[in-house]
Amino acid sequence: MKKGRYLVTGGAGFIGSHLVDRLLLEDPARLVVVDNFDDFYSPQIKRGNIASHLSHPSYHLVEADIRDYNKLKQLFSEEVIETVIHLAAKAGVRPSVSDPRTYQEVNVGGTLNVLDLAQRNGIKKVVFGSSSSIYGPTATPPFREDAPLNPISPYAATKAAGELLAHTYSHLYDMQIVCLRFFTVYGPRQRPDLAIHKFARLIASHSPVPVYGDGSSERDFTYIDDIIQGIMASIAYEATPFEVINLGESRTITVNRLIEQLEAALGEKAIIDRQPSQPGDMPRTHADISKARRLLGYKPTTAVEDGIKKFVDWMK
Ligand SMILES: NC(=O)c1ccc[n+]([C@@H]2O[C@H](COP(=O)([O-])OP(=O)(O)OC[C@H]3O[C@@H](n4cnc5c(N)ncnc54)[C@H](O)[C@@H]3O)[C@@H](O)[C@H]2O)c1
């Protein structure tokens, strides 16, 4: 039997591939990635994300869909896994409104498969990638983990369901599970559908930038290195059996201000195309990160002004 340690689902994606970079660097134990190179955005981008991983002797890629229980079961029987970092998902709020069923199948059904097989194979540690979107529009900023959840998109509802399943598995099977609520993550390799990447691309190509609503909506943008810092600390965390923890930057910026900063970094003027607000969109996200600081020693170090410059350098 082969030796194994970490299983990263969604390890070809934006956050997953950065996590794999870090794991291979800091803990070059055997590492298994499951990803189906979903076409939510170009699978070629994901191939590019993992290009440098493929030659690493510890790295093993399994191209599989987390909905495929039997394929996952085979993987778990062939590999010795100690820790699962579950990031595979249908991401994106807006597309989930028109395709709720697929989101449910991947994000709820697939998550159940991962938890169930982790449990059956005696794996005690799972880190789950959840989302700030589950707070919904009514939470009082900055959002605390104990705020009531009011998801307003199918995507958000599936992430809330994933957290509930994680709680159930932790309770029933004595598994140590950390659910991390990521607040809009950006940086090199950022998903092309997300603000910052999308806006920067449109501004650079002198194309109209669709701004939904009046641009006053606020986001807490978190630089990828800070998110990876929080995930690594969650892997090491073991003081309590189940935790839900925000990972944000803890400051917000309006969409209008974001565009101004991108204009400055790119040296280009944006052509704004005002559009009505989109169903499912949150008016603001804002993380209270005191729990992450306390439990994980989490300390975000990249303010959005600096992160935007780094992103633009990467994009150029
Ligand atoms: N990027 C953000 O701002 C953000 C915010 C909150 C939560 N999250 C969550 O973090 C995780 C990673 O997000 P990301 O931005 O890196 O997205 P991403 O789309 O770049 O990565 C997700 C990966 O999962 C894979 N995947 C999708 N469906 C799959 C399936 N059925 N089987 C196997 N693999 C599958 C995709 O191919 C992709 O490589 C997701 O769970 C997402 O919901 C991200």
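The values are calculated or read from the model by the stated rules, or taken from the named source; none is laboratory data. Note that the coordinates shown come from a computational prediction; the quantities given were computed from them, not determined experimentally. A quick note on method: Cβ atoms are made from the backbone with ideal geometry, for glycine too, and the neighbour counts reach across all protein chains shown. Just so you know, the surface numbers come from the protein's heavy atoms only, side chains and all, with ligands and any DNA or RNA stripped out. Shrake-Rupley method; radii C 1.70, N 1.55, O 1.52, S 1.80 Å.
Considering only protein heavy atoms, what per residue accessible area in square angstrom results for segment 1-158 with a 1.4 angstrom probe?
On the way: 6630 Å² over 158 residues.
Accessible area per residue, segment 1-158: 42 Å².
Accessible area per residue for segment 159-316 in Å², computed with a 1.4 Å probe and the full protein assembly in place, what is it?
Numbers: 6670 Å² over 158 residues.
Result: 42 Å² per residue.
By the scheme Lys and Arg +1, Asp and Glu -1, what is the net charge of all other residues having a beta-carbon under 15 Å from that of ASN246? Intermediate results must be reported in sequence, preceding the final value.
On the way: positive: ARG144, LYS159, ARG181, ARG219, ARG251, ARG284, LYS291, ARG293, ARG294, LYS299; negative: GLU145, ASP146, GLU163, ASP220, ASP226, GLU243, GLU249, ASP288.
Neighbourhood net charge equals +2.
Against the globular-protein guess of 2.2 N^0.38 Å, express the Cα radius of gyration of the chain as a ratio, rounded to two decimals. If you can, show how the numbers build up before the last one.
Numbers: Rg = 18.8 Å, N = 316, 2.2 N^0.38 = 19.6 Å.
Cα-based Rg divided by the globular estimate yields 0.96.
Which of the three applies to segment 249-297, rounded, prolate or oblate, going by the alpha-carbon gyration tensor with a ≥ b ≥ c and a/c under 1.5 meaning rounded? List each step's numbers first, then the result.
Values: a/c = 4.72, a/b = 1.66, b/c = 2.85.
Since a/c reaches 1.5 but b/c is at least a/b, the shape of segment 249-297 is classed as oblate.
Between ARG101 and GLU238, 0.36 nm times their residue separation minus their Cα-Cα distance comes to what?
On the way: separation 137, 0.36 × 137 = 49.32 nm, distance 3.46 nm.
Additional length available on full extension: 45.9 nm.
Where in the chain are the DSSP H helices whose C-alpha atoms run 15 Å or more along the long axis and whose mean Kyte hydropathy is at least -0.5? Don't jump to the answer; show the numbers that get you there.
On the way: long enough: 14-26 (19 Å, 0.83); 154-173 (28 Å, -0.08); 224-236 (18 Å, 1.25); 255-266 (16 Å, 0.43); 304-315 (16 Å, -0.17).
Helices passing the filter in the chain: 14-26, 154-173, 224-236, 255-266, 304-315.
Among the listed pairs LYS46/LYS90; LYS124/LYS159; LYS46/LYS125, which are separated by more than 18 Å between their Cα atoms?
LYS124/LYS159; LYS46/LYS125
Using Cα positions and a limit of under 17 Å, work out the lysines in reach of LYS316, with same-chain residues fewer than 8 apart set aside.
Hits, sequence-local ones excluded: LYS198, LYS269.
Give me the dipole magnitude in Debye, nearest 20, for the chain about the Cα centre, with unit charges on the beta carbon: positive for Lys and Arg, negative for Asp and Glu. Please report the intermediate quantities before stating the final value.
On the way: 36 positive and 37 negative charges, 42 e Å.
Computed about the Cα centre, the dipole is about 200 debye.
Using 0.36 nm times the number of residues separating HIS206 and ILE271, minus their current alpha carbon distance, what extension gain do you get?
Separation in residues times 0.36 nm, less the Cα-Cα distance, equals 22.7 nm.
From largest accessible area down, sort GLU263, GLU82; use a 1.4 Å probe on the protein chains. The partial results should precede the final answer.
Values: GLU263 30, GLU82 90 Å².
Greatest to least solvent exposure: GLU82, GLU263.
From the P(r) of segment 170-237, could you give the percentage of C-alpha pairs in the tail past 19 Å? Kindly include the intermediate steps, with their values, before the conclusion.
Values: 1175 of 2278 pairs.
Pairs farther apart than 19 Å: 52 percent.
Indicate the gyration tensor shape class of segment 9-94 (rounded, prolate or oblate), computed on the Cα atoms with a ≥ b ≥ c the square roots of the eigenvalues: a/c under 1.5 is rounded; otherwise a/b larger than b/c is prolate and the rest oblate. The partial results should precede the final answer.
Numbers: a/c = 1.72, a/b = 1.13, b/c = 1.52.
It comes out oblate by the Cα gyration axes.
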